[in-house]
Amino acid sequence: QVQPVESGGGLVQPGGSLRLSCAASGRTVTPYTMAWFRQAPGKERVFVAAITWSGSYDYADSVKGRFAISRDNGKNTVYLQMNSLKPEDTAVYYCAADTGLYSRNPKGYDYWGQGTQVTVSH
């Protein structure tokens with residue numbers, strides 16, 4: 001079983017940067033995908049970015065060119081570098097992991113972190 005734990009959220013001004021981390025504890029099974037989702041108040045949880053065990057990437061159009069996902073397999077940790085942040089990026093960010101086929105759908109992920117708040121405001 002895998003238990004992701006997010007950290008690094010906080011308050012930043014528009015145009016600023018923030019780096020989120022997600023450490024996956026417990027036993028891991030390869031191959032697997034790790035991904036980031038976000039959920040704003042009153043809205044559904046949506047896909048942000050993903051990285052596979054082999055290092056391929058996928059980004060939502062809303063964050064492409066601004067966010068970068070990376071992975072340290074030795075530490076079972078995934079990172080999300082967030083640049084040029086906008087107020088619409090404000091949300092709770094969740095880390096997720098899955099051992100099945102890759103998907104952007106949150107229903108395709110078996111393991112979830114508790115979430116970390118990111119607020120972008122003056």
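The values are calculated or read from the model by the stated rules, or taken from the named source; none is laboratory data. Because the structure is a prediction, the values reported are computed rather than measured. Cβ placement follows ideal geometry from the backbone for every residue including glycine, while neighbour counts extend to all protein chains displayed. Only protein heavy atoms, including side chains, enter the accessible area calculation; ligands, DNA and RNA are left aside. Shrake-Rupley method; radii C 1.70, N 1.55, O 1.52, S 1.80 Å.
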Hey, what do the phi angles of segment 82-99 turn into as Karplus ³J(HN,Hα) couplings, whole Hz, using 6.51/-1.76/1.60 and θ = phi - 60°, x for Gly and Pro? 10, 10, 6, 5, 10, x, 5, 7, 4, 4, 8, 9, 10, 9, 9, 9, 8, 9
Selected from 107, 75, 64 as most flexible by GNM, with the chain as the system and alpha-carbon contacts under 10 Å: 107
Heavy atoms only, probe 1.4 Å: what % of the accessible area of the chain goes to carbon and sulfur, would you let me know? 50
Kindly provide the Kirkwood hydrodynamic radius of segment 58-98 in Å, to one decimal, from all pairs of distinct alpha carbon atoms. 11.6
Calculated FRET value between residue 99 and residue 7, using beta carbons and R₀ = 25 Å, to 0.05: 0.60
Please check: in the Gaussian network model of the chain (C-alpha springs, under 10 Å), which one of 98, 61, 89 has the largest mean-square fluctuation. 61
Taking only C-alpha positions in the chain, Rg and Dmax in angstrom work out to 13.4, 42
Spin-label point model (7 Å from Cα, Cβ direction): what's the residue 64 to residue 86 distance in nm? 1.4
Filter the cross-link list 64/86; 43/86; 64/107 down to pairs whose alpha-carbon distance in this structure exceeds 20 Å. 64/107
Might you tell me the accessible area per residue for segment 41-122, computed with a 1.4 Å probe and given in Å²? 53
Considering only the other residues whose Cβ falls under 14 Å of the Cβ of residue 55, what net charge follows from Lys and Arg at +1 and Asp and Glu at -1? -1
For the pair residue 73 and residue 19, the simple spin-label estimate (label points 7 Å beyond Cα toward Cβ) gives in nm 2.2
